[in-house]
Amino acid sequence: MSPNCTTNSLLFSSGAVISYGGNRFINVPTILQVDGVSLIETVRNNEISRTTRFKVYHGDGVLLATVVGTCLFCTEEGMKAGLEMRYPSRATVCIIDGRIVFEVRRIAAAVLSITAELFSPAGLLIRSTSTVPFAIFGPDGTQLAATAVTDKRIRKTQLGYSVTDNGRIVAIGESSLG
């Protein structure tokens with residue numbers, strides 16, 4: 001299948017639900033922000049739909065790529081690192097060195113599920129997988145913070161997860177949009 005096939009499309013309406021870190025986000029433009037840098041966002045695709053945007057950093061803080069929907073925009077470093085995209089049924093997967101960096105899976109017409117292991121520019125690893133709902137690890141691999149908050153529905157806020165103080169503070173659902 002082509003990555004542009006509607007089956008693999010990551011387009012969704014503004015009222016769609018994005019599951020990430022064990023919680024559900026509705027009308028939240030920034031799903032994950034670390035020390036002021038947005039790593040997972042929803043962005044306008046056209047007048048009626050939105051899609052996801054990820055920033056992919058290497059563990060040393062070098063920006064490797066930006067992924068918008070199913071499109072990969074690599075930096076020179078990202079091309080050297082061998083960053084690649086795959087499009088299994090109803091999903092978009094970003095891989096580096098055989099390791100899944102993130103996966104966006106369409107669960108239903110208006111529901112996306114995201115799992116990710118993303119580095120921040122400061123080298124923090126933010127992990128949200130089926131076994132680890134949401135945790136932050138320092139450059140040396142030490143766990144700095146985690147959240148046990150799950151099954152929460154966050155609506156109409158500017159930020160979903162906000163990680164600050166170099167990975168030591170995690171807030172969920174800050175800055176209400178009204």
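Is one or more of the residues making up segment 101-122 more than 16 Å from the chain's Cα centre (by Cα) and not aliphatic (A, V, I, L, M)? Checking segment 101-122: not a single residue is more than 16 Å from the chain's Cα centre (by Cα) and not aliphatic (A, V, I, L, M).
Being outside any strand (DSSP E or B), among the β-branched types (V, I, T) and surrounded by 15 or more Cβ atoms within 10 Å (Cβ to Cβ) is a condition met by at least one residue of segment 136-148. Surrounded by fewer than 12 Cβ atoms within 10 Å (Cβ to Cβ), at pLDDT below 90, in contact with a strand residue (DSSP E or B) (Cβ under 8 Å, 6 or more places away or on another chain) and within 14 Å of L112 (Cα to Cα), is that true of G15? Criteria met by G15.
Exactly one residue among A116, A122, A171 is outside any loop (DSSP other than H, G, I, E, B), under 19 Å from V56 (Cα atoms) and not charged (D, E, K, R), and that residue is A116.
Of the strands (runs of 3 or more DSSP E) entirely within segment 25-82, those holding at least 2 residues that are at pLDDT below 90 and either among the aliphatic types (A, V, I, L, M) or over 15 Å from E174 (Cβ atoms) (or both) occupy 37-44, 50-57. Remark: S128 matches the filter, which requires a residue to be within 26 Å of Q158 (Cα to Cα), hydroxyl-bearing (S, T, Y), surrounded by 20 or more Cβ atoms within 10 Å (Cβ to Cβ) and in contact (Cβ under 8 Å) with a residue 60 or more places away in the chain. Inclusion of I95 among residues that are surrounded by 13 or more Cβ atoms within 10 Å (Cβ to Cβ), part of a strand (DSSP E or B), at pLDDT 90 or above and in contact with a Gly (Cβ under 8 Å, 6 or more places away or on another chain) is not warranted.
Scanning segment 17-33 for residues that are farther than 11 Å from T52 by Cα and not aromatic (F, W, Y) gives V17, S19, G21, G22, N23, R24, I26, N27, V28, L32, Q33.
The values are calculated or read from the model by the stated rules, or taken from the named source; none is laboratory data. Since we're looking at a predicted model, the values are computed, not measured. Heads up, the Cβs are rebuilt from the backbone with ideal geometry, glycines too, and the neighbour counts pull from every protein chain shown.
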